[in-house]
Every structure is written in structure tokens, then in C-alpha cells.
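The values are calculated or read from the model by the stated rules, or taken from the named source; none is laboratory data. Here the structure is a predicted model, which is why all the values come from computation and not from measurement. Using ideal geometry, Cβ is built from the backbone for each residue, glycine included, and neighbour counts are taken over all protein chains shown.
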């Protein structure tokens with residue numbers, strides 16, 4: 001397998017000097033190296049299409065950019081690639097990780113894995129499939145082709161080609177220094193900084209589940225689902241196993257369809273940042289029963305603890321500006337209980353930013369099929 005340090009170094013040798021993207025666990029070590037800024041700027045993107053735009057600007061500024069994304073993000077970025085990068089002829093190397101390769105993965109990755117090469121063919125983006133012994137030749141090809149063709153080219157990275165699980169000096173991801181990673185450690189205005197938290201997400205989820213009773217809950221994908229499931233599995237819980245960023249949009253639809261009922265979202269900072277436009281949508285519609293909780297650990301936990309922009313930006317302030325009836329931020333259990341009592345006692349929509357640690361509990365995966373999750377949640381939501 002290719003060590004992340006070697007991958008990053010070879011990118012620089014072949015002239016690539018600007019990096020942006022959305023994390024994926026298949027290349028977590030590569031991203032950990034790039035975040036240190038030793039090989040050029042690394043810009044943490046909240047969506048893959050945003051990363052494509054950042055890369056276009058970098059190319060205009062004389063850089064040779066790389067966009068990192070999971071293959072699910074290839075779908076997200078189709079329009080940006082087609083109507084920006086390809087239409088204008090803007091070179092970039094797109095590194096696409098291949099989840100769902102050979103049909104062996106979680107359900108949300110299977111179809112995307114099957115069609116990943118076909119999507120690139122449809123876009124007329126030349127690509128190669130990276131192997132552990134082909135890194136130099138593939139990077140040389142990419143550098144040559146993107147400049148000759150004046151367009152993006154791609155490298156597809158299957159599982160177990162790039163090493164994962166260790167950061168550059170063998171340091172565990174949770175111990176990495178955020179100030180060395182290209183994301184500020186906190187808001188620049190000291191008055192906006194929250195007190196450090198010792199509250200785990202598992203503890204916070206337990207408090208929230210107890211407070212909301214039988215209300216339907218849309219869970220953002222990732223460990224929020226798994227930890228909530230371990231606390232209390234309920235028919236009223238819809239566990240997202242894909243579609244990162246869409247939980248509050250689904251909740252908005254349900255809240256508008258059932259305006260007299262409570263609808264709750266258990267969201268994450270990375271999920272919300274991927275779909276910030278949902279905040280003004282909720283603020284404009286003002287569904288009175290909607291309660292939006294964001295469990296903010298300031299990292300992308302499922303992909304290797306890469307820094308989230310919530311480390312530098314107060315998400316509750318964004319919700320307040322978007323028109324929520326209330327927006328609170330809490331850092332300890334008593335504060336969360338107080339905020340939930342207030343939100344449940346008054347018409348919403350309400351937003352609660354729950355700062356939690358990066359601790360992840362040893363919890364099982366969700367055992368239900370997507371169809372089973374759909375059917376039981378719909379039945380429970382209609383009864384509520």
C-alpha cells in the first residue's frame with residue numbers, strides 16, 4: 001500500500017501544489033499529511049462542488065490543483081465539473097476514492113461503486129485506476145494529460161491502495177494539533193468562544209432522546225446514528241446511512257407535512273456544513289414543531305478526525321441569522337437539559353448547538369435494511 005506521506009510527496013514532485021476536498025476514510029492518511037501544509041495549501045471544503053470551484057480559482061492563480069473526494073461526491077460535483085471545469089477547460093486532478101468497489105461495502109455505496117467509472121466516461125473525463133505500484137506513472141500521466149487537454153482528469157483509488165489508520169508520525173488522529181491543520185482553533189473574536197466541553201456525544205444523545213419522548217427523529221449519517229441506536233432504538237428514529245447533509249431537509253419536509261407535531265433532527269457539524277442552505281430554508285418556512293440539534297465535535301469523525309470548519313465558526317450564530325425562533329449553544333449536560341426544556345415549551349423552529357468531545361463509543365452498526373428503516377419510520381411518523 002502507498003503511505004500517505006509518500007502519496008503527498010509524489011504529488012508535489014509531479015507539480016501539484018494546491019489541494020482541496022472533502023474527507024474520505026480511504027485516504028485519511030494522505031489528507032492528514034496535506035492538512036499540515038508542507039506540500040501546498042489545503043482547503044477544507046464542505047461539499048465536493050465547492051472544492052471544484054476552489055480548484056478552478058487556484059488554477060486561475062497559477063497553481064496546479066488537486067480535488068479529493070469520495071465517489072459519492074462525484075455525483076454531487078457533476079454540474080460543477082460539467083458547467084465549470086469542462087466547459088471552460090480548467091485543468092485539475094480529481095482523486096476519487098472508490099467506495100462500493102466490487103460490490104463489497106455498506107448499502108449506500110453499492111450502486112455508486114458500480115457506476116463510478118461510467119460517470120467519468122459520461123463526463124468524458126479521462127481516468128486511471130490507481131494501483132500501489134503505479135503511483136508515479138499515474139501522476140505523470142495525470143499532470144501531462146490535464147495540461148495537454150486543458151481539462152480535469154481523474155485517478156480512481158480503490159480500497160487498500162493507500163494506507164489508512166495512522167497519521168504522519170504514527171500519532172493517533174484524536175491527538176493531532178488543530179492549529180497545525182489549516183483550520184483555526186476557534187473564532188477570532190474571543191467573545192464568540194465557548195467553554196471547552198467534557199460531554200461525550202453518547203451522553204448528549206441520551207439526554208436528548210429522553211427529553212423528546214416519542215417525537216420522530218431524523219439522524220444524520222455516521223456515528224450519530226450508531227450511538228443513538230445503542231442508547232435507544234425506536235421506530236420513530238430514521239437512521240441515515242448515506243446522503244450526507246440531507247437530514248434537516250428531510251426533517252423540514254416532515255415538519256411542514258405534519259405541522260402540529262414535533263419533528264427533531266440529530267445533526268453533525270460536518271453534515272450541516274455540507275448543506276448550510278437548509279438553515280435559511282427552515283428560517284423562511286418557520287415550522288413551529290422543528291427542533292434542530294447539532295452535535296458538534298469539530299471533526300469529521302467517520303473519516304479520520306479531519307478538522308471541521310465549526311472549529312472556527314459558530315453554527316448557532318448562523319442559525320440565528322437565518323431566522324430560527326431561538327438558537328442556543330451548550331457545552332455541558334445541565335445546559336443541554338435547560339435548552340431542550342425551553343425549546344420544547346415554545347413554538348419553533350429551534351436550534352441547539354451541542355458541543356461534544358471527539359470520543360466515539362464502541363457501538364454496533366445499524367442492522368436494518370434501508371427498506372425496513374423507511375417503512376417503520378413512515379408508519380411511526382404517521383401515527384405521531
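Looking only at region 32-53, filter to residues that are within 17 Å of the chain's Cα centre (by Cα) and more than 16 Å from residue 244 (Cβ to Cβ); which one of those is surrounded by the fewest Cβ atoms within 10 Å (Cβ to Cβ)?
43
What do you reckon, is residue 133 under 23 Å from residue 4 (Cα atoms), without any contact (Cβ under 8 Å) to a residue 40 or more places away in the chain and more than 22 Å from the chain's Cα centre (by Cα)? Judged against the criteria, residue 133 is a match.
Each residue in region 253-288 was checked for being closer than 29 Å to residue 72 by Cα, touching a strand residue (DSSP E or B) at 6+ places or on another chain (Cβ under 9 Å) and not in a helix (DSSP H, G or I), and 6 pass. Applying the criterion of being out of contact with any strand residue (DSSP E or B) (no Cβ under 7 Å at 6 or more places or on another chain) and assigned to a helix (DSSP H, G or I) to the residues of region 323-337, the residue that is surrounded by the fewest Cβ atoms within 10 Å (Cβ to Cβ) is 334.
When residues in region 300-322 are screened for being under 21 Å from residue 20 (Cα atoms) and either assigned to a helix (DSSP H, G or I) or free of Cβ contacts under 8 Å to residues at least 60 places away in the same chain (or both), 6 of them pass. Against the test of being over 20 Å from the mean Cα position of the chain (by Cα) and surrounded by 22 or more Cβ atoms within 10 Å (Cβ to Cβ), the options 290, 272 yield a single qualifying residue, 290.
Would you pick out the residues in region 200-211 that are buried (at least 20 other Cβ atoms within 10 Å of the Cβ) and either closer than 21 Å to residue 381 by Cα or not assigned by TED's automatic domain parsing to the domain that holds residue 343 (or both)? Matches in region 200-211: 205, 208.
With the requirement that a residue be under 17 Å from residue 22 (Cα atoms) and assigned to a helix (DSSP H, G or I), what does region 81-111 give you?
Of everything in region 81-111, those that are under 17 Å from residue 22 (Cα atoms) and assigned to a helix (DSSP H, G or I) turn out to be 81, 109.
Looking across region 363-373, the residues that are touching a residue at least 40 places away in the same chain (Cβ under 8 Å) and within 14 Å of residue 240 (Cα to Cα) come down to 365, 366, 368, 369, 370, 373. State whether one or more residues within region 140-152 are under 16 Å from residue 69 (Cα atoms) and modelled with pLDDT of 95 or more. Yes, region 140-152 has at least one match. If we keep just the residues of region 178-199 that are within 20 Å of the chain's Cα centre (by Cα) and surrounded by fewer than 19 Cβ atoms within 10 Å (Cβ to Cβ), which is modelled with the highest pLDDT? So, considering only residues that are within 20 Å of the chain's Cα centre (by Cα) and surrounded by fewer than 19 Cβ atoms within 10 Å (Cβ to Cβ), the one modelled with the highest pLDDT is 186.
Does residue 68 count as at pLDDT 95 or above, in a helix (DSSP H, G or I) and touching a helix residue (DSSP H, G or I) at 6+ places or on another chain (Cβ under 8 Å)?
Working: at pLDDT 95 or above: yes; in a helix (DSSP H, G or I): no; touching a helix residue (DSSP H, G or I) at 6+ places or on another chain (Cβ under 8 Å): yes.
No.
Filtering region 59-84 to residues that are more than 25 Å from residue 33 (Cβ to Cβ) and surrounded by 21 or more Cβ atoms within 10 Å (Cβ to Cβ) leaves only 81.
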